[in-house]
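Notes follow the structure.
The values are calculated or read from the model by the stated rules, or taken from the named source; none is laboratory data. Everything numeric in this text was worked out from a predicted model, so none of it was measured. Glycine gets a Cβ as well: all are built from the backbone with ideal geometry, and neighbour counts include every protein chain shown.
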Amino acid sequence: MSSYLLRRLASFIPVLVFISILVFSLLHLAPGDPVDMIVGEDRPGPDVIAAIRAQYGFDDPLPVQYLRWASHAAVGDLGYSYRSRQPVTHLIFERLPATLELSVLSILLGLAIALPLGIVAALRRGTWIDAAASVIAALGISMPAFWIGILLIYLFALALRWLPPSGYVSPAEDLVANLRLMVLPVITLGVGYGAMLTRYVRASMLECLGLDFVRTARAKGLAESRVVVGHVLRSALIPIVTVIGIETGRLLGGAVLTETIFALPGMGRLAVDAILSRDFPTMQGAVLFMALGVLLANLVVDLLYGVLDPRMSGAK
Amino acid sequence: MRDVLELARLHPFGTVGAVVVLLIALAAVFAPLLALAPPEKQSIAISLQGPSAAHPLGTDDLGRDILSRLLYGARVSLGVGFASTVIATGVGVVAGLVSGFVGGWVEAVIMRATDVLLAFPTLILAVAIVGVLGPNLNNATLAIAIAALPRFARIIRAETVRFKAAEFVEAAVSIGVRDRNIVLRHILPNTAGLIVVQFALSVAAAILNEASLGFLGLGVQPPTPSWGSMLRAGYPFVAQAPWIAVASGLAISITVLASTLLGDAIRDHLDPRLRR
């Protein structure tokens, strides 16, 4: 298992290198001089600009700039934000908790929607229950997260005044206030995610229901509930877990929109703000970190395979 | 005609989707005839008015007619959704065919490139590309296409590898058919069904991505209307004038839902494994 883990980790290194090159070069292809971003409105004299260029190494060839940036990034130094002058790593870790909390709670809500709905739809295939579940799922994936969020704010915060419309309080500071603030964002992100998962749960359950070992289990006279939970669901979970890994990127994309609507200080918002204000170091760090998150999620999924299906732990 | 009715009977949801997509496309094409007012015509005197006979979906903060803006916005949504998916399909299919057929380092490079693109959250990638190139219609289209491209390349590569080992390809090789003709005449036609399915499903995602970019202010720029940017503009007024957000959000949702239902039906029809 540990050698498998090591090999999986090693296979990420080339991808990570390519990602870092892409992130680095993409932003340096951008029109405009980064010095303008650093000095802001009042443009100093040419000697000051030359000094800044030398200090930041903008005059070096791009490969040299890349190697310097990448070697620092490898030891956790992502440079300083052009805007706030704070270390980028500090900004990222400040923003990480909100995004993590939003993502994890949304995945849980998504599962709470998708498992019962998808399982029932598969077991009642072809009935009105199945059709209703399919329509609910199609509706859920069609409604943009930002629209759901705006409607929720209108209904529950402005019209009914049950919940606060936006903002963020750390759970360590005040757990109740934190949860009250997270209800609407988690529904916003979790509903669409759950709808997407429902489609996979249904398809995966249908696939497993038709397999030989299910017929065997039924022939042995096992109760239907044990067949469904113990046999079908267990093997249906493997592709579902894969989907959760693959869709981490989509979840983070949804998090960007959700954080924007609810003014959550998260990673997605950090990345978008940095991109919009051409704050290169923050933008590079945030995007790199999110790509790393997607890779890590897929690694965790690989490891979960071993738990769900012992045959796979030694595979590959 | 009988075939069409038979298809409609087999896929009722898909038929509804197809009809709705067609209606929205017609509305987009004939927007100048259908719109009650020019979409950019401002009139502060009638700003934030609720639905009425003169303005069936109300007006926005600048007194512009929401229905007219929705009709013109359909051009942007469908146009970007369709154009970006065409680009993604074209480039992705070529990349998939080449990497699957040629193999070796060509395949390794193309597949690592798709790994890299897939590791980025789609929306973040699109935001980064538009952020770098500048927000406008063409760059939004390009960004959405690049984000959608790796899935096409992956799927077509897998099929190409599978067909390369098939007997009919071996037979073609053995009688001396040139590589280019094997790929174009023998492998590509066999992947056509899959390409159509992926295309149909990608259009819905592309429309949603265009709306997301518009909502973040990175899509087509004002005053040209797009559904995402209308929602963005209507958000601050949601308490006084909820119809702006409701109408533009509904337009996005209905279009994406119809495209999804249509895509699902095409998939179910063309993929025999799902026809049980």
Could you tell me whether A:E207 is in contact with a Pro (Cβ under 9 Å, 6 or more places away or on another chain), in a helix (DSSP H, G or I), surrounded by 24 or more Cβ atoms within 10 Å (Cβ to Cβ) and among the acidic types (D, E)?
no
Checked the range A:123-140 for anything within 12 Å of chain B (Cβ to nearest Cβ) and surrounded by 23 or more Cβ atoms within 10 Å (Cβ to Cβ); matches are A:A137, A:G140
For B:F152, the lone unmet condition from (1) among the aromatic types (F, W, Y); (2) closer than 30 Å to B:H269 by Cβ; (3) surrounded by fewer than 24 Cβ atoms within 10 Å (Cβ to Cβ) is (3)
With respect to A:D273, determine if the residue is among the charged types (D, E, K, R) and under 22 Å from A:E101 (Cα atoms).
yes
Have a look at A:A271, A:A286, A:A291, A:A236 and point out the one that is in a helix (DSSP H, G or I) and either more than 11 Å from chain B (Cβ to nearest Cβ) or closer than 21 Å to A:T198 by Cβ (or both).
A:A236
Residue match in the range B:76-96 (condition: in contact with a Lys or Arg (Cβ under 6 Å, 6 or more places away or on another chain) and surrounded by 20 or more Cβ atoms within 10 Å (Cβ to Cβ))
yes
Would you mind finding the one in A:V287, A:V301 that is modelled with pLDDT under 85 and aliphatic (A, V, I, L, M)?
A:V301
Within the range A:230-240, does at least one residue satisfy the condition of being more than 23 Å from the chain's Cα centre (by Cα) and free of Cβ contacts under 8 Å to residues at least 24 places away in the same chain?
yes
Residue list for the range A:174-215, filter: out of contact with any helix residue (DSSP H, G or I) (no Cβ under 9 Å at 6 or more places or on another chain) and at pLDDT below 90:
A:G210, A:D212, A:R215
List the pairs whose first member sits in the range B:116-127 and is facing another protein chain (nearest Cβ under 7 Å) and over 11 Å from A:I275 (Cα atoms), whose second member is polar (S, T, N, Q) and outside any loop (DSSP other than H, G, I, E, B), and whose Cβ atoms are under 7 Å apart, counting only residues at least 6 apart or on separate chains?
B:T122/B:N209; B:L123/B:N209; B:L123/B:S212
Out of (1) without any contact (Cβ under 8 Å) to a residue 60 or more places away in the chain; (2) loosely packed, with under 14 Cβ neighbours inside 10 Å; (3) of a type in the set (G, A, S), the one A:A177 does not meet is (2)
Restricting to the range A:93-119, name every residue that is crowded, with 18+ Cβ neighbours inside 10 Å and of a type in the set (V, I, T).
A:T99, A:I107, A:I113, A:I119
Let me confirm something: among B:T85, B:T141, B:T122, which residue is of a type in the set (S, T, N, Q) and either at pLDDT below 90 or on the phi > 0 side of the Ramachandran plot (or both)?
B:T122
Criterion (at the interface with another protein chain (Cβ under 10 Å from one of its Cβ atoms) and in a helix (DSSP H, G or I)) met by exactly one of A:L158, A:L181:
A:L158
Residues of the range B:128-146 being crowded, with 24+ Cβ neighbours inside 10 Å, at the interface with chain A (Cβ under 7 Å from one of its Cβ atoms) and of a type in the set (A, V, I, L, M), in sequence order, are B:A128
Against the condition under 15 Å from A:P281 (Cα atoms) and at pLDDT below 90, how does A:Q86 come out, does it pass?
no
Looking only at the range B:42-62, which residues are more than 17 Å from B:A245 (Cβ to Cβ) and surrounded by 14 or more Cβ atoms within 10 Å (Cβ to Cβ)?
B:Q42, B:I46
B:I252 fails exactly one of (1) in contact with a Lys or Arg (Cβ under 8 Å, 6 or more places away or on another chain); (2) in a helix (DSSP H, G or I); (3) within 14 Å of another protein chain (Cβ to nearest Cβ), namely (1)
Among the residues that make up the range B:50-63, is at least one of them away from every other protein chain (no Cβ under 14 Å) and β-branched (V, I, T)?
yes
If you scan the range A:143-152, which residues turn out to be of a type in the set (V, I, T) and facing chain B (nearest Cβ under 7 Å)?
A:I150
Has the range B:152-159 got at least one residue that is within 14 Å of another protein chain (Cβ to nearest Cβ) and not small (G, A, S)?
yes
Give me the pairs, please: first residue somewhere in the range A:16-28 and more than 7 Å from chain B (Cβ to nearest Cβ), second residue anywhere and among the polar types (S, T, N, Q) and surrounded by 21 or more Cβ atoms within 10 Å (Cβ to Cβ), beta-carbon distance under 9 Å, and either six or more positions apart or on two chains.
A:S20/A:Q284; A:V23/A:Q284; A:F24/A:Q284
Given the options B:G263, B:G219, B:G176, name the one that is over 18 Å from B:L70 (Cα atoms) and more than 12 Å from every other protein chain (Cβ to nearest Cβ).
B:G176
Among what's in the range B:196-231 and is at pLDDT below 90 and under 23 Å from B:L262 (Cα atoms), pick the residue that is surrounded by the fewest Cβ atoms within 10 Å (Cβ to Cβ).
B:V196
